[in-house]
Amino acid sequence: MLEQNHGYWYLASYPKSGNTWCRVFITELLRLAGEEQGPELDLNNDIETGAIASSRLWLDDQLGVNSCDLSFSELDPLRGSAGQTAWLFAEGERFHKVHDAFKSPDSRNRPVVSTAGCLGAVYIMRHPEDVAVSLSHFFSWPLERCVQFILDPTAALVPSERNGGHQVRQHMGRWDQHVCSWADQQQLPVLIIRYEDMLCNGSTTFAKLADFLGLPVEQVLVDQAIANTSIDKLKQLEEKVGGFAEKPEGCNRFFRSGRSGEGAEQLSIPQRQQLAAEMADVMKCFGYEGVEDDV
Amino acid sequence: MSTLNFQYQAFGFNLASDIPLPELSEKLLIANEQNSISVVSGNYENWPSIEASPHSTQCLQLAAKEWRLALESIGWFRAAAGESLEYQRWDDSVSNRDLRTFLVTSGLGALAIQRACLVLHGTALELNGEAVLLLGRPATGKSTLSWCLQQHGWQLISSEIVVVDKNKKIWPGVQQLKLWHDAAVALDLDWQHLPLVRRGLKRYALLGDQLNCLESAAPLRCIYQLMRERQQSKSEADVLAASIKSSQAFSQQHALLLLRNNAFHARVVRGMECEQQLFMQASALARSVPIYTLRVPDGIRAMKKACAMVDLLDPASIQEPNIEEGNKGESDA
């Protein structure tokens, strides 16, 4: 048994930054440690899909109303109080994917996620140039649109006020705003990990993650979990289940390349310059190099 | 003391209200009528303290025969003992429309549960003297499908919340369809002249004179759990080829689970200590009325087209033999 089995954690990230990989790793680590059942990881059954904190079903249950009847400026301030009684979080999964920024412009300076009973957050970040390429494949958008999305202070998932859906609007803002919203908040303990370190320095990075989350930390288990969730393994598993449930319409495969550095190869110099110029401070702070104007 | 100038009927109850509730069916004003549910403004600070159920949340305070909802920037609401529905505005900027949105859905639903009714998330329609019930959580397309079916003679009995009585009859309730902007456009509605559900939402309210509504109870023929089927493409050929299909009838066990999961606010049922009541009522309904999955095209134009060729009163006519009994994997909500 885990020591802390009544709390929950957030796995927060800007989309396409390695959140799913983290969740798959955690599930596999628990399976190897004998805390989850099954002879092999089953992507669509073992991985909690969707984000409960932005799930309309979850919010409707907590608020007692149809959240479609609330505007963004009414819903966002209430979202953080959903789950304060900790009942459902305690009953349900312990690791929750979140793509929202910690606060939204509509949330009246309150977190849009519940912090009551939350043990902490892992914030997973990735070089914005690579995020742009991955977004492009995921949403079937041109690269230029993805670059502008990353720089858009109003960027959100499910942003439309014109239709409903199973998830509510998730405000992200610019990539650097998103990073700071989680990295600088003081309400939850946070561990920041970089996708690039998960790739290049997996043993140490994932061991740090496991330790932070109170998971088994035996290095042999951590290394085996890393090996079992390599991009090639995940591609095979995705093929086996006929497509990962989180893959959107029009996207050929969820697990694609997993490489870092694709942004530098595929974005134009002006696109890279724009990213670097507008987000230099935060990029540098987390060790991300961009292209300077005089290149 | 408020004057209860407005009288309505919903779910077989009489209501006397101090604000207009056009989503409900009007009733002739009868002076000093007894046994009406009152819908009145109140002061939440004067409401008696309660020992709140552990199923309560920050917004919802629940106890036996007691339901309280606090919505920041909108107001406070209370349903008590199946007899009264009270509200208080957050401030003067809150309109009657804002209040009604929550009074006639969550409030009335809680009140009906307090009055020992089986209340389900769904929309009910009638044709040729028989009713069908479309189940599904918000945003599954019940209103859009209902609008499409209205164009083929179906009458609306109730939307969002539906009450089924012990004789398996459905009573007129909330007679309003809410359509998102995208649906209103796809259905060629004159959306610029439709009232908004609430200010600030791109969602339109279709009420009385824009709908064909049934004024009396109708026996329930069958129940469908709505499922939107992703289209391969939005090409004209796919729109033309789209169809609506039903599954085989659910087993009673699965039907019971599905009804329980579609109960109007499971948390509210539990918090008001009505779980046993729900179980008994849902079991009885699962035994006597067949339940199917109804697969409808995701695209609104395709849904509209497919509606013209479907007889929902005859599930056998739209059954696909190879579709197994609905949601085998339906899990607890």
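What about B:LEU149, is it within 23 Å of A:LEU70 (Cα to Cα) and touching a helix residue (DSSP H, G or I) at 6+ places or on another chain (Cβ under 8 Å)?
Answer is no for this residue.
Looking at A:VAL122, A:VAL133, which is the one that is closer than 26 Å to A:GLY80 by Cβ and aliphatic (A, V, I, L, M)?
A:VAL122
Within the range B:158-172, is there a residue that is assigned by TED's automatic domain parsing to the domain that holds B:GLU130, over 14 Å from the mean Cα position of the chain (by Cα) and either of a type in the set (A, V, I, L, M) or part of a helix (DSSP H, G or I) (or both)?
So far as the range B:158-172 goes, no, none of its residues is assigned by TED's automatic domain parsing to the domain that holds B:GLU130, over 14 Å from the mean Cα position of the chain (by Cα) and either of a type in the set (A, V, I, L, M) or part of a helix (DSSP H, G or I) (or both).
Could you check the range B:48-108 for strands (runs of 3 or more DSSP E) lying wholly inside it with 1 or more residues that are within 11 Å of chain A (Cβ to nearest Cβ) and either under 21 Å from the mean Cα position of the chain (by Cα) or surrounded by fewer than 18 Cβ atoms within 10 Å (Cβ to Cβ) (or both)?
B:60-63, B:66-71, B:75-80
Taking the range A:1-22, which residues are touching an Asp or Glu at 6+ places or on another chain (Cβ under 9 Å) and modelled with pLDDT of 90 or more?
The answer is A:ALA12, A:LYS16, A:SER17.
Every residue in the range A:166-225 that is of a type in the set (A, V, I, L, M) and assigned to a loop (DSSP other than H, G, I, E, B), please.
Answer for the range A:166-225, where residues must be of a type in the set (A, V, I, L, M) and assigned to a loop (DSSP other than H, G, I, E, B): A:VAL168, A:MET172, A:LEU188, A:LEU213, A:LEU215, A:VAL217.
Tell me which of these A:ALA51 doesn't satisfy, since it passes every other one: (1) at pLDDT below 85; (2) in contact with a Ser or Thr (Cβ under 9 Å, 6 or more places away or on another chain); (3) closer than 13 Å to A:VAL112 by Cβ.
For A:ALA51, the failing item is (2).
Would you mind finding the one in A:ASP197, A:ASP184, A:ASP211, A:ASP223 that is acidic (Asp, Glu), out of contact with any Cys (no Cβ under 9 Å at 6 or more places or on another chain) and touching a residue at least 12 places away in the same chain (Cβ under 8 Å)?
Within the list A:ASP197, A:ASP184, A:ASP211, A:ASP223, the selection yields A:ASP223.
Checking B:SER143 against (1) surrounded by 24 or more Cβ atoms within 10 Å (Cβ to Cβ); (2) out of contact with any Leu (no Cβ under 6 Å at 6 or more places or on another chain); (3) within 10 Å of chain A (Cβ to nearest Cβ), which single condition isn't satisfied?
(2)
Conditions (1) surrounded by 19 or more Cβ atoms within 10 Å (Cβ to Cβ); (2) within 14 Å of chain A (Cβ to nearest Cβ), marked per residue:
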{"position": "B:LEU127", "(1), (2)": "no, no"}
{"position": "B:ALA131", "(1), (2)": "yes, no"}
{"position": "B:GLY136", "(1), (2)": "yes, yes"}
{"position": "B:VAL163", "(1), (2)": "yes, no"}
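Please find, among A:GLN187, A:GLN167, the residue that is closer than 19 Å to A:HIS99 by Cα and within 14 Å of another protein chain (Cβ to nearest Cβ).
Only one candidate qualifies: A:GLN167.
Within the range B:180-203, restricting attention to residues that are surrounded by 14 or more Cβ atoms within 10 Å (Cβ to Cβ), within 11 Å of chain A (Cβ to nearest Cβ) and not in a helix (DSSP H, G or I), which residue is modelled with the lowest pLDDT?
Once the filter is applied, the top-ranked residue is B:GLY200.
Scanning the range B:3-27 for residues that are under 21 Å from B:LEU177 (Cα atoms) and among the small types (Gly, Ala, Ser), which turns out surrounded by the most Cβ atoms within 10 Å (Cβ to Cβ)?
For the range B:3-27, the residue satisfying everything is B:ALA10.
Looking at A:GLY120 and the list (1) away from chain B (no Cβ under 12 Å); (2) among the small types (Gly, Ala, Ser); (3) not in a strand (DSSP E or B), which single condition is not satisfied?
Evaluating A:GLY120 over (1) away from chain B (no Cβ under 12 Å); (2) among the small types (Gly, Ala, Ser); (3) not in a strand (DSSP E or B) leaves (3) as the failure.
The values are calculated or read from the model by the stated rules, or taken from the named source; none is laboratory data. None of these values were measured; they are calculated from a predicted model. Positions of Cβ are generated from backbone atoms using ideal geometry, with glycine treated the same way; all protein chains shown enter the neighbour counts.
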